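Below you'll find the structure, written out as structure tokens, and then a few comments.
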Amino acid sequence: MTWEERWHPLREEWVIVAAHRQDRPWSGNTMASDETNLPDHDADCYLCPGNRRVSGAINPEYAKTFVFDNDHPCVSRAAPAKLPPTPAIYQNRPANGVARVVCYSPIHNLTLAELDVDDIVELLKIWQSQYRELAALPEIAHVLIFENKGVTVGVSNPHPHCQIYATNFVFQTIEKEAQVSDRHLRETGRILFQDILEAEQSDDRRIIIANESAIAFIPYFARYAYEVFVAPKETHESLADLCAAELRDFASVLKVVVVKFDNLWRMPFPYVMTLHQAPADGRNYSGFHFHIEFHPPLRKPNLIKYLAGPEIGGGNFLSDTSPEQKAEELRALPDVHYKLRDNGRSKPVGE
Ligand SMILES: [Zn+2]
Ligand SMILES: [Zn+2]
């Protein structure tokens, strides 16, 4: 039995680690796996090349990545400026911003884990240019780039893609990280994330993979079973500041992480992947260290980590697993994708 609480220095909150709960009996729902036998091109997919989208636009016969404005944007530069008045205690304002979609490749079934490192580098360059372009818009305070992957996190279209929300406000998680990083820098003269990297490197048990300039690890204070951070070793405020060599190292580490995820249960591994980049509101964020965070919803094959009383009701996480054990599991896995090892034949989980 473990009854331990760990402090999350980026969110400034306690995480309860109760690893003995992982094997408690479960008679509730289990999640369906994602479809593994998808075609290379799907005539009904609104992201495949040459197909018609809901807006009526026809996708070009793109060869690498494809970026377009979301047909159902949650924020828009065309948001009406006039809104209904509110009582004094309430506030509202136009949801001003830009929402885009980035298809990783023209191939309907080629996930991030199956792209080769060169293609991932190209994708990172697209994220860099999108960040630069959108961050430069006067009304944009932040650029959130994220991928929701798998039916478990509510994705209806399996064609590998990510989304970009460039908004007139800074998302809460980033705002908090920016605040605590800034305070840490003022109080100690050090970069908070560098102190985290130093702690992880001196412990070493939770590091998944590292190379010259990039590193991936399950943090000491992880909230999810397979929560992985991927970061450059040098501090940069955003992905846009990485040089060519760092970009390549970062792509290699990112690739190994997503391959290991799929290899874990020999199935496409669902996750929410978010780029944590400094706000783009013109202030100084020299204490902010760009990184990617993966929040995979599953703690066992087909068994979701439900967010309930502690998380939704109380606002703190109860982790059912030990970060050290989960990191050991991921470290032990091969870094070649199981589909490649099977010579292109994929087998369902459990076979
Ligand atoms: Zn498609
Ligand atoms: Zn973060």
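Quick notes on this one:
- Under 12 Å, Cβ to Cβ, from H276 - net charge with Lys/Arg +1 and Asp/Glu -1: -2
- Total formal charge among the other residues, if their Cβ is under 12 angstrom from that of G97, Lys/Arg +1 and Asp/Glu -1: +1
- For K233, a cut-off of 18 angstrom between C-alpha atoms picks up these aspartates and glutamates, skipping any fewer than 8 places away in its own chain: E177, D195, E198, E200, D203, D204, E212, D241, E246, D249, E293.
- Within-13-Å neighbourhood charge of P49 [Cβ basis; K, R +1; D, E -1]: 0
- Anisotropy class assigned to the stretch 181-284 is prolate, per the alpha carbon gyration tensor with a/c at or over the 1.5 cut-off and a/b larger than b/c.
- Placing pseudo-labels 7 Å out from each Cα toward the beta carbon at R21 and A245 gives an inter-label distance of 4.6 nm.
- Annotation: lysines with alpha-carbon distance below 19 angstrom to K149 (same-chain offsets under eight excluded): K255, K260, K300, K305, K339.
- Shape analysis of the stretch 247-351 places it in the oblate category; the axes a ≥ b ≥ c from the Cα gyration tensor give an a/c of at least 1.5, with a/b not above b/c.
- Each residue in R205, R24 was given a count of other beta-carbon atoms within 10 angstrom of its own, and listing them fewest first yields R24, R205.
- Coordinate range along principal axes, alpha carbons of the stretch 188-230, Å, largest first: 32, 25, 16
- The chain: C-alpha gyration tensor shape, a/c 1.5 cut-off, then a/b vs b/c: rounded
- 222 nm mean residue ellipticity, helices alone, for the chain (DSSP H n ≥ 4; -39,500 (n - 2.57); rounded to 500): -7500 deg cm²/dmol
- Footprinting exposure proxy for I215, I89 (fewest neighbouring C-beta atoms within 10 Å first): I89, I215
- Among Y62, Y338, the ranking by other beta carbons within 10 Å of each residue's beta carbon, starting with the fewest, stands as Y62, Y338.
- Cβ-placed point charges (K, R +1; D, E -1), dipole of the stretch 1-122 about Cα centre in debye, nearest 20: 920
- Here is the short version for the chain: C74, C103, C162, C243 have no other Cys C-beta closer than 4.7 Å.
- Simple label model, 7 Å out from Cα along Cβ direction - D69 to V117, nm: 3.9
Quick note: the coordinates plus some simple rules give every number you see, no bench work behind them. What you see is a predicted model; the values in this text were computed from it and never measured. Glycine also receives a Cβ, built like all others from the backbone with ideal geometry; neighbour counts cover every protein chain displayed.
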